[in-house]
Amino acid sequence: MNDLSYSDFESALRRALPFLDDETPVDAHASLAELGLDSLTLLGLVAELEDGFSLELPDEMLVMETFATPSTLWSALAELPRS
């Protein structure tokens, strides 16, 4: 079981979001859509988070509200049980 660390979460965001480079600080309230999150990058991000952190996002969490900002996504992930 992998622990969910914010630095690993931030690294996953950087890999998934095309408009978030290594030099740009991750603003917890930035719009993930404005940073390049679309349906394709969403699928890749979900897969990476589930695999990397040994968790499963339930279908009801796979909505844009969950993925609105890094803060909303982090809060949702922190509540999930780890497998």
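The values are calculated or read from the model by the stated rules, or taken from the named source; none is laboratory data. Just so it is clear, the model here is predicted, and its values are computed rather than measured. In this analysis, Cβ positions are derived from the backbone assuming ideal geometry, glycine residues included, and neighbour counts consider all displayed protein chains. The protein model used for the area step is the full one, side chains on, heavy atoms only, and it has no ligands, DNA or RNA in it. Shrake-Rupley method; radii C 1.70, N 1.55, O 1.52, S 1.80 Å.
Observations, loosely collected:
- Segment 7-65, residues that are touching a Ser or Thr at 6+ places or on another chain (Cβ under 6 Å), surrounded by fewer than 16 Cβ atoms within 10 Å (Cβ to Cβ) and either in a helix (DSSP H, G or I) or at positive phi (or both): SER54
- Residue that is farthest from PRO18 (Cα to Cα) [pool: residues in segment 73-83 that are open to solvent by less than 60 Å² (accessible area, probe 1.4 Å) and under 9 Å from the mean Cα position of the chain (by Cα)]: LEU77
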